[in-house]
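Taken together, the values in this text are just the output of simple stated rules run on the coordinates, not laboratory data. The shown structure was predicted, so the numbers you read here are calculated from the model rather than taken from an experiment. No Cβ is skipped: glycine too gets one built from the backbone with ideal geometry, and neighbour counts run over all protein chains shown.
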Amino acid sequence: MNTTPSAIVQAQLDAYNAHDVPALLAIYADDAKQFQHPDSLLAQGGAQIGPRFTARFAASRPQAQLLNRIACGKLVIDHEIVHGDTPDGVSAQELVATYEVERGRISRAWFSFGALTRLRVALPADVPQMNALIARSGVALSAGFYTVEQAEAVTRHVFGVDTQLVADRTYFVIERDGAMLACGGWSQRATLYGADRAKSGPARCSIRPASRAASAPSLSSQAPRARAWAAC
């Protein structure tokens with residue numbers, strides 16, 4: 001068995017992605033400590049570390065994606081993106097984990113948490129903020145193609161949230177650390193696109209996938225990310 005610090009940390013990563021709490025506890029020393037960098041104690045010993053892993057796995061079924069690893073003596077530093085599932089979407093969080101390996105087990109670990117990005121189903125309470133985002137995005141994306149007055153006019157009279165899609169739960173938002181970055185959705189209805197004010201009459205009935213594909217009526221992003229999102 002390979003007992004180098006890098007191999008021990010890789011075994012830890014494999015056990016984490018397998019959600020194998022007993023395997024993780026066998027890799028951590030009996031008196032191991034986990035910290036939020038630099039010195040905020042998160043858990044100590046198997047009696048605390050085990051339940052912490054159990055709760056984490058139950059909450060979002062995380063999967064850690066290793067981006068880079070540096071090993072120096074008994075220290076191993078991993079740069080990761082941790083992907084997770086939530087009840088209403090998915091999440092991704094950047095993480096730098098530093099492990100100290102002694103006598104073949106992890107004795108201490110420090111975690112530095114980066115930005116948390118979430119994609120979730122939009123809620124009715126999000127509509128005012130989404131409309132404001134769409135207005136900013138429409139003007140930013142129109143730069144160089146329309147005058148500011150033209151861009152503001154089409155945004156004001158055409159673009160906006162179709163609240164029927166919010167009710168259908170086919171409209172989504174992307175947030176980073178709680179700040180809304182983008183919103184958009186797809187439609188199972190025959191409506192083309194546009195805000196509630198651009199529609200006339202009741203929402204048309206759902207289309208049948210066997211005869212017609214669903215449509216993606218809108219995607220808006222916070223500037224300066226607008227052009228990047230529009231290209232996706």
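Values for this structure:
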read-out: Ranked packing of 161-174, 40-53, most packed first, by mean Cβ within 10 Å; value: 161-174, 40-53
read-out: J(HN,Hα) series, the range 24-29, from Karplus relation 6.51 cos²θ - 1.76 cosθ + 1.60, nearest Hz, glycine and proline x; value: 5, 5, 6, 7, 7, 5
read-out: 15 Å beta-carbon shell around residue 62, net charge (K/R +1, D/E -1); value: -2
read-out: In order through the range 157-169: 3J(HN,Hα) via Karplus (6.51 cos²θ - 1.76 cosθ + 1.60), integer Hz, x for Gly, Pro; value: 9, 10, 7, x, 7, 8, 5, 5, 5, 4, 5, 6, 6
read-out: Neighbourhood net charge (12 Å Cβ-Cβ; Lys/Arg +1, Asp/Glu -1) for residue 79; value: -2
read-out: Relative contact order (%) - the range 46-145, alpha-carbon pairs under 8 angstrom, separation at least six; value: 17 percent
read-out: Gain on full stretching of the segment that runs from residue 94 to residue 54 - 0.36 nm per residue minus C-alpha separation; value: 12.3 nm
read-out: For peptides 91-98, 121-128, 65-72, sequence by mean Cβ density within 10 Å, most packed first; value: 91-98, 121-128, 65-72
read-out: Distance between modelled label sites at residue 75 and residue 39, nm, 7 Å Cα→Cβ extension; value: 1.6 nm
read-out: Per-pair calculated FRET efficiency, R0 = 30 Å: residue 121 and residue 150 via Cβ, rounded to 0.05; value: 0.35
read-out: Estimated D of the range 1-147 in µm² per second, where Rh is the Kirkwood radius over Cα pairs and Stokes-Einstein applies at 20 °C, 1.002 mPa s; value: 123 µm²/s
read-out: Chymotrypsin sites (Phe, Trp or Tyr not before Pro) restricted to DSSP loop in the range 80-150 with at most 11 other C-beta within 10 Å; value: 145
